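A.B. asks: Could you have a look at this structure, given as structure tokens, before my questions?
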Amino acid sequence: MTGADVLLLALGAVAVGAGALVVATRHLVRAGLWLVVCLGALAGDYLVLTAELVAWVQVLIYVGAVVVLLLFAVMLTRAPIGPSDDLDRPGWAAALVGAGSGLGLAVLLIDAFRWSRVDLPDAGTAERLGEQIFRSWVLPFEVLSVLLLAALVGAIVLSRPDIGRSKASSPADGDRTGGGAPVGAAQPADEGGRP
Amino acid sequence: MRPVIPYVTAALLFGLGVYGVLRRRNAVLVLMAVELMLNAVNLVLVTADTTVKAVLPHSGQVFALFVIVLAAAEIGVGLAIVLQLYRLRASVTVDDVPLGEPVPAVAVGPASGRPDVEGAVR
């Protein structure tokens, strides 16, 4: 056991424990905050595995953006502050499938790698990764940019009630997702249609 | 470095994500569990970068970056859908979503099928 192994074990335990709390807690907001702990521990894992750029991108995008988006969604859907009892559906099927897939994959990977030891490769700095992305993986990179554009347009179309609505149906019932703040529920649709 | 440690971490995280997706009823919590699964995949990719001697160096980390971008796009569209669901039904419980029948309030184009009377009452 080297220092890297001890770090990986500790960070992995933190990540798995926080992940278990994410799927088990009865507080909606705390689930998001435990997700921060889990993702942060994973970023530490990436650092130990010499993936510097991936670690910082993880902190920037996941911890910084995705969790904030999720907490915004929790608040915009008027989630209760205290513990809520109707978050889970009963049944052992989920536990069975989850434990089966998780432990099955773990057994498979333990059987494949045993207690073997590898040397850590060169650090994945921004320079090396950028060289790879813009030399060998340019086409997937460009396709991903088109996908981000499509996701952007799709999110806008979904959250605007006045797009794609048939003429016969009633006027819109407010635009709550557009500006982030709840607007009056009786606002007509045309006011949201600024160019 | 023993690669089995991060691999087992990733496998357990993936199992937790599967459990969360199947168990949770709140759509936002389902999205959080999906994030756990995506992160488990990322950890596998980054660890594979250290164990597999590929022709192109750092391919695993490049793919982890791609998966992070995909997750960002997924969470954006997913939350737009969740908020639209909340606006229509005042609830984000995935059990209550009627499958297979068009909801009258968002009917696009000619409405096919009978109106969803039960959903309109609820």
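A.B. asks: Just a yes or no: is a residue in region A:49-58 aromatic (Phe, Trp, Tyr) and within 13 Å of the chain's Cα centre (by Cα)?
C.D. replies: Within region A:49-58 (the criterion being aromatic (Phe, Trp, Tyr) and within 13 Å of the chain's Cα centre (by Cα)), the answer is no, since none of the residues qualifies.
A.B. asks: What residue, of A:Arg78, A:Arg26, is surrounded by fewer than 16 Cβ atoms within 10 Å (Cβ to Cβ) and either out of contact with any Leu (no Cβ under 7 Å at 6 or more places or on another chain) or not basic (Lys, Arg) (or both)?
C.D. replies: A:Arg78
A.B. asks: Here is a follow-up. Are there any pairs with C-beta distances below 7 angstrom linking a residue in region B:12-25 that is at the interface with chain A (Cβ under 7 Å from one of its Cβ atoms) and within 17 Å of B:Leu43 (Cβ to Cβ) to a residue that is at pLDDT below 95 and not in a helix (DSSP H, G or I), with the two at least 6 apart or on different chains, and if so which?
C.D. replies: Correct list of pairs: empty, since none qualify.
A.B. asks: How many residues does region A:39-73 hold that are crowded, with 19+ Cβ neighbours inside 10 Å, farther than 19 Å from B:Phe66 by Cα and within 7 Å of chain B (Cβ to nearest Cβ)?
C.D. replies: 2
A.B. asks: Within region B:45-66, is there a residue that is out of contact with any Leu (no Cβ under 9 Å at 6 or more places or on another chain), facing chain A (nearest Cβ under 7 Å), part of a helix (DSSP H, G or I) and more than 23 Å from A:Tyr62 (Cα to Cα)?
C.D. replies: yes
A.B. asks: Being among the hydrophobic types (A, V, I, L, M, F, W, C), surrounded by fewer than 22 Cβ atoms within 10 Å (Cβ to Cβ) and at the interface with another protein chain (Cβ under 7 Å from one of its Cβ atoms) is the filter; apply it to region A:1-15 and report the residue that is farthest from A:Asp119 (Cα to Cα).
C.D. replies: My answer is A:Leu9.
A.B. asks: Here's another thing I want to ask about it. Here is a check on your reading of the model: is B:Arg89 within 15 Å of the chain's Cα centre (by Cα) and charged (D, E, K, R)?
C.D. replies: So B:Arg89 fails the test.
A.B. asks: How many residues are β-branched (Val, Ile, Thr) and at pLDDT below 85 if we restrict to region B:78-112?
C.D. replies: Total meeting the criteria: 4.
A.B. asks: Next question. Return yes or no: is A:Leu129 over 26 Å from B:Leu88 (Cβ atoms), surrounded by fewer than 17 Cβ atoms within 10 Å (Cβ to Cβ) and in contact (Cβ under 8 Å) with a residue 12 or more places away in the chain?
C.D. replies: no
A.B. asks: Please work out if A:Asp88 is charged (D, E, K, R), at the interface with chain B (Cβ under 7 Å from one of its Cβ atoms) and more than 29 Å from A:Asp119 (Cα to Cα).
C.D. replies: Judged against the criteria, A:Asp88 is a match.
Condition check ((1) modelled with pLDDT under 90; (2) surrounded by 12 or more Cβ atoms within 10 Å (Cβ to Cβ)) across all residues:
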site: A:Trp92; (1), (2): yes, no
site: A:Gly98; (1), (2): no, yes
site: A:Ser101; (1), (2): no, yes
site: A:Ala106; (1), (2): no, yes
site: A:Ala123; (1), (2): yes, yes
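A.B. asks: Note down all Cβ pairs under 8 Å where the first residue falls in region A:12-29 and is touching a residue at least 40 places away in the same chain (Cβ under 8 Å), the second is of a type in the set (Asp, Glu) and not in a helix (DSSP H, G or I), and they're at least six residues apart or on different chains.
C.D. replies: A:Arg26/A:Asp85
The values are calculated or read from the model by the stated rules, or taken from the named source; none is laboratory data. Just so we're clear, the structure is a prediction, and the values are computed from it rather than from any experiment. Ideal geometry is used to build each Cβ from the backbone, glycine not excepted, and the neighbour counts take in all protein chains shown.
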